[in-house]
Structures are given as C-alpha cells and as structure tokens.
Amino acid sequence: MAFSTLRPLFRPRNLLSSGYSILLGCCLVVTVTDHFVDIIPVMGESMSPSLSPLSKSAGKHDHVLLSRLNPTKDLKRGDVITFWKPHKPEEISIKRVIALEGDEVWPRDREKGTHGGYGGYGERENFKGGRKIKIPHGHVWVEGDHWRGSYDSNDLGPISKGLIDGKAIGIVRWGRIEDIPQRTVKGGTKVIPGVSQLPKEWVEG
C-alpha cells in the first residue's frame with residue numbers, strides 16, 4: 001500500500017521534475033552565498049576577544065553574517081572584512097580594517113611592544129624609531145584584534161581592495177544577529193587619517 005502511494009514519485013517525469021527543482025535550489029543557494037550574503041565560522045584566535053574568544057581553548061567558534069554585495073563600498077576603519085590571502089590565494093582570512101587608502105600607519109613591533117616597521121611582504125624587520133607607511137590607493141591596512149596571534153598587514157603589507165571578499169555585518173547567535181564588538185586593543189598600530197588621490201600614472205592623458 002505504501003509503495004503504491006509512492007509509486008508516482010518514481011515515474012521518469014516526476015523524477016526529472018524533482019531533479020530540476022533540486023538543481024535549481026542548489027544554484028540559487030550558491031548564487032546567494034557567493035554574491036549576496038553568507039554565514040561563515042571564524043576559525044582561530046586572531047580576532048579574539050571580539051570574535052571566537054574560545055576558539056583555541058574550547059574549540060568554539062563564532063559565526064558572522066557576511067555581506068558580499070559590494071563589500072569595498074563605504075569601507076570604514078573598524079569594519080571587519082574577509083579577503084583572499086595574497087600569499088595563499090586559495091584561503092580566506094578575516095581581519096579588521098585599521099587604516100584606509102591615504103592614511104599613514106606606524107606599525108607595531110610585536111616582539112618589543114613598541115611601534116616598529118613593516119619589512120616587506122612576508123618579512124618583518126625592526127626599525128629604530130619606527131617607520132611610517134602610507135597606504136596606497138586601492139588598498140587597506142588590516143589587523144587581527146589579537147595582535148600577538150595574527151598574521152596580517154604587519155606581515156603582508158597593505159591589502160588590495162581587489163582581494164576583499166566580504167564585509168561582516170553581524171554575529172549570528174541563537175538565531176539572532178548581534179553587533180560586532182569594536183576593537184579594544186590599546187597601544188596598537190598608530191593611524192594618521194589621510195586622503196587618497198588617484199596616482200597620476202593611472203590617469204590617461
């Protein structure tokens with residue numbers, strides 16, 4: 001009796017219709033998560049205590065609601081973004097925007113706890129008296145809130161906006177969307193706000 005009831009579902013026409021609906025649903029989900037919004041876990045401790053403070057000790061991860069619709073538009077200092085790692089293009093990282101294009105930064109020397117310098121992509125050097133860096137056009141400076149355990153612009157240098165994949169717009173907890181805490185690090189990278197101008201060599205004569 002039960003099989004007789006289900007038999008119509010196994011007819012070729014119905015199977016084709018069901019398969020089409022499933023395929024269409026999968027395509028819709030992929031389109032939405034790739035281009036509009038997505039929910040992703042924050043792995044590691046680089047953004048603690050703002051995000052995933054128990055990631056290392058208890059393996060508990062916060063989940064953030066990510067907007068992928070024009071993530072570079074109206075970026076502000078303090079925004080949390082995801083971006084493709086320049087040194088590992090197959091991986092995505094999540095960090096906080098500390099400085100915008102045109103700003104000047106005095107990077108922090110992690111080892112000595114004073115303002116140090118950026119010694120190139122993937123390298124770190126200590127500069128006596130510090131070294132000022134101006135963020136170039138089309139780039140941002142990003143850091144993890146847990147600066148001692150974060151691989152960020154202090155190691156990679158300014159990040160191209162073209163690598164930015166999304167902007168975190170909230171934390172998903174118990175079915176609710178909560179605001180992302182602001183950065184509370186004291187004595188971190190010094191930022192001097194500035195204004196970016198399009199490089200002359202980019203302007204066609």
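The values are calculated or read from the model by the stated rules, or taken from the named source; none is laboratory data. What you are looking at is a predicted structure, and each value in this text was computed from that prediction instead of being measured. Neighbour counts run over all protein chains shown; Cβ positions are idealised from the backbone, glycine included.
Within the stretch 145-176, being part of a loop (DSSP other than H, G, I, E, B), modelled with pLDDT of 85 or more and of a type in the set (Gly, Ala, Ser) holds for 150, 157.
Here is a yes/no grid of residues against (1) modelled with pLDDT under 80; (2) in the same structural domain as residue 167 (by TED's automatic domain parsing); (3) of a type in the set (Gly, Ala, Ser):
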position	(1), (2), (3)
24	yes, no, no
44	no, yes, yes
47	no, yes, no
50	no, yes, yes
55	no, yes, yes
62	no, yes, no
68	no, yes, no
78	no, yes, yes
81	no, yes, no
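Whether any residue in the stretch 137-144 is closer than 21 Å to residue 45 by Cα, at pLDDT 85 or above, aromatic (Phe, Trp, Tyr) and in a loop (DSSP other than H, G, I, E, B) is what I want to check. It would help to see each step written out before you state the result.
To start, the set of residues in the stretch 137-144 that are closer than 21 Å to residue 45 by Cα comprises 141-144.
So of that shortlist, the ones also at pLDDT 85 or above come out as 141-144.
Still in the list and also aromatic (Phe, Trp, Tyr): 141.
This time we only want the ones that are in a loop (DSSP other than H, G, I, E, B), so: none.
Within the stretch 137-144 (the criterion being closer than 21 Å to residue 45 by Cα, at pLDDT 85 or above, aromatic (Phe, Trp, Tyr) and in a loop (DSSP other than H, G, I, E, B)), the answer is no, since none of the residues qualifies.
Taking the conditions (1) of a type in the set (Asp, Glu); (2) touching a strand residue (DSSP E or B) at 6+ places or on another chain (Cβ under 6 Å); (3) modelled with pLDDT under 90 in turn, residue 123 satisfies each one other than (2). With respect to the conditions (1) under 16 Å from the mean Cα position of the chain (by Cα); (2) at pLDDT 85 or above; (3) surrounded by fewer than 20 Cβ atoms within 10 Å (Cβ to Cβ), residue 191 falls short on a single one, namely (1).
The set of residues in the stretch 61-98 being among the charged types (D, E, K, R) and under 18 Å from residue 144 (Cβ atoms) consists of 62, 76, 77, 79, 85, 88, 91, 95, 96.
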